[in-house]
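See structure below.
The values are calculated or read from the model by the stated rules, or taken from the named source; none is laboratory data. Just so you know, these numbers come straight off a predicted model, no measurement behind them. Here the Cβ positions follow ideal geometry from the backbone for every residue, glycine too, while neighbour counts run over all protein chains shown. Side chains are part of the model used for accessible areas, which takes the heavy atoms of the whole protein and leaves out ligands, DNA and RNA. Shrake-Rupley method; radii C 1.70, N 1.55, O 1.52, S 1.80 Å.
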Amino acid sequence: MYKEVNFGRVFIGRFEFGKDLFDSIKEFCKQKNISLGVFSIIGAVKKAKCGYYDQDSKKYVVCVNIEKKLEITSCIGNISMKDGEIFPHAHITWADLEGNVYGGHLMNGTEIFAAEFYIQELKGAQLKRQMDIETGLPLWVA
Ligand code: ZN
């Protein structure tokens, strides 16, 4: 399934030092009432936490949970509706001093050192997530 959409508002800025990255994205989208969109973030963190979706058990497992000063080499995601709420879905990679990279599905527990964001609102359609039996994931439905 897919929807054809149009560009809406565009926001560029940075999230606050010391805050949780996932919450910062979610709060900003709620504050600006962005119910559909895409985003990217670069910066650095003091703590990193993300998950891996285990396709066999159909559960998220924590795959990275470290207190380390890391670069956000990439964080991309989308915004849609889940259970009547604005819901960001983000994947992230971090790099350490040696250039080792960690990454996965962004969860609460990533502490911002610096985070520069670009958020593109999309208009003209709504995307809602609903539990998908085949995958066990809350996927977009038509
Ligand atoms: Zn994910």
Kindly sort Tyr53, Tyr118, Tyr102, Tyr2 by accessible area of their heavy atoms, largest first, with the probe set to 1.4 Å.
Tyr2, Tyr118, Tyr102, Tyr53
Can you tell me the alpha carbon radius of gyration of the range 31-81 divided by the globular rule-of-thumb value 2.2 N^0.38 Å?
1.43
How charged is the neighbourhood of Phe15? Take every other residue with its Cβ under 15 Å from the Cβ of Phe15, and add Lys/Arg as +1 and Asp/Glu as -1.
+1
Based on alpha-carbon atoms only, what is the radius of gyration of the range 14-123 relative to the globular estimate 2.2 N^0.38 Å?
1.04
I want to check the label-to-label distance for Glu111 and Ala95. Put each point 7 Å from Cα in the C-beta direction and report it in nm to one decimal.
2.4
How charged is the neighbourhood of Asp96? Take every other residue with its Cβ under 11 Å from the Cβ of Asp96, and add Lys/Arg as +1 and Asp/Glu as -1.
0
At the level of C-alpha centres, the distance separating the range 93-142 and the range 1-65, in angstrom, is 4
